[in-house]
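The values are calculated or read from the model by the stated rules, or taken from the named source; none is laboratory data. Predicted model only: the values in this text are computed from it and were never measured. Counting neighbours? That spans all protein chains shown, and the Cβs are built from the backbone with ideal geometry, glycine included.
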Amino acid sequence: MSENINEEMQHSDLKTANIMVAGKTGTGKSTLLNAIFGEEVAVTGTGRPVTEHIDEYRHETIPIHIWDTVGLELDSEKTRQSIEEIKRTIASKSESGDELDQIHAIWYCINSGSNRYEGAELKFIKELYSIGVPFTIVLTQCYGAKKKIAEFEEIINKINDEMGLDKISIVKVLAQEYEVEIDEDTIAKKPPFGLEELVNLTMDQLPEYVQSGFIAAQNVSQSLKHDECEKLIWKYVDRVEGNYWSKNKIINWDNVPLVNILTSDAHIKDLFRDITKIYNTEIEEESLEKIMTELGGLSPENAFQGLLNPISKKFDTNVDKIFQRNTNGEFEDKHDKLPTKMRVSRMIILYGYIFLESVEKYWERIRVEKLENIKTKAVVLVDSVRETMKEVMSNQKRK
Ligand SMILES: Nc1nc2c(ncn2[C@@H]2O[C@H](COP(=O)(O)OP(=O)(O)OP(=O)(O)O)[C@@H](O)[C@H]2O)c(=O)[nH]1
Ligand SMILES: [Mg+2]
């Protein structure tokens, strides 16, 4: 086996997306970052002042790196210095020539209720925008009257146009639930909105090589995570099936049955690790082993058996059940192209989808119940795998 294959076969390390957030004090930058990436990044991450006007946030395992700029409410001399520092930071990164080290997107926050878009801020926006990094205006704290906010948005568009800027995207966001007291006994709650729109818009602006990292780091769009994991499952299928490799004329794993069976465990483990990364879920080797045993060894519906025993129909039936649960046109097409003799590919699908569903259940639970303890979390994950397995094998439809 060439080194090339070894490298390609390793599970992926997600590339870190670099986002700069700017805006006046109190506009809601930190609140926005917490809502999108979770408190561990923006608050307890190893934030350290890069310069007087920029705080840097990152996290050991979450592939996002944030520059939070401060000090824009100050007098114009301070603002000018701040602009210079921000420009220097961005420029030094582009000069490094390392694509991964560039600022990939800028979110500029404006309080929707401020109704002010003037003065030093305009100059600042113009300069930041002209650097050429994808730039989005985020109208924050949108709990006020819709009509007023829309009017403000129009004013911003008009002024940008007058400044000669191309159309800058504006996203209206309420990052955190907002409570309004209607009368003494009644409190109305306005739920958060707009976060997913901002995430989706940014996804379209980011270079492809950091998109997976960004998907993993953000916590507002589960559908982005789900789709990314499906892509991963199919990437692993392509590897064993040969599509992926045939382009490079390397190897078709499913043509080498013994090698396949011996290596399928490793493929599946790598796939599981990749899926957990997209869901920001750390998994210890021990829990992974438990899950593999759960899936492969203990169950009377043992899929490995199906793999090793060519006359067993159980295995194929189980894969078909998975496809019945995921009634999305795209899989069905792909599924049809996967003949039953492609046993390793089918096993990857079976295990991949069971694991993906399990991680999704797990993710919901740890979010709702705010579970933090790593041991408790591991138990929850193993339980979800067991539960999903049971459901699949008894052919219950997905809720
Ligand atoms: N309910 C609600 N409150 C918000 C929202 N965004 C900001 N706030 C409130 O506005 C205040 C300022 O928000 P921050 O996120 O700290 O603002 P910031 O831009 O980080 O401010 P600096 O760090 O000083 O530059 C806080 O009290 C937040 O609770 C929101 O979406 N919903
Ligand atoms: Mg802040």
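Does the range 88-103 include one or more residues that are over 17 Å from Leu33 (Cβ atoms) and within 16 Å of ligand 2 (Cβ to nearest atom)?
no
Is at least one residue of the range 152-164 within 29 Å of Ile278 (Cα to Cα) and crowded, with 16+ Cβ neighbours inside 10 Å?
Looking through the range 152-164, none of the residues is within 29 Å of Ile278 (Cα to Cα) and crowded, with 16+ Cβ neighbours inside 10 Å.
Out of the range 171-211, which residues are farther than 29 Å from Glu151 by Cα and buried (at least 21 other Cβ atoms within 10 Å of the Cβ)?
The one that is farther than 29 Å from Glu151 by Cα and buried (at least 21 other Cβ atoms within 10 Å of the Cβ): Val210.
Quick one: Ile5 ticks every box in (1) of a type outside the set (D, E, K, R); (2) within 12 Å of ligand 2 (Cβ to nearest atom); (3) surrounded by 12 or more Cβ atoms within 10 Å (Cβ to Cβ); (4) modelled with pLDDT under 85 bar one, so which box is it?
(2)
Give the range 96-110 a look and list any residue that's surrounded by 19 or more Cβ atoms within 10 Å (Cβ to Cβ) and farther than 14 Å from Ile19 by Cα, or say none.
The one that is surrounded by 19 or more Cβ atoms within 10 Å (Cβ to Cβ) and farther than 14 Å from Ile19 by Cα: Ile110.
Pull up the range 182-221, narrow it to residues that are of a type in the set (Phe, Trp, Tyr) and over 13 Å from Val138 (Cβ atoms), then point me to the one that is farthest from the chain's Cα centre (by Cα).
Looking at the filtered set, the residue picked out is Tyr209.
Residues of the range 20-42 being modelled with pLDDT under 85, near ligand 2 (Cβ under 9 Å from one of its atoms) and part of a helix (DSSP H, G or I), which ones?
Result: Ala42, single match.
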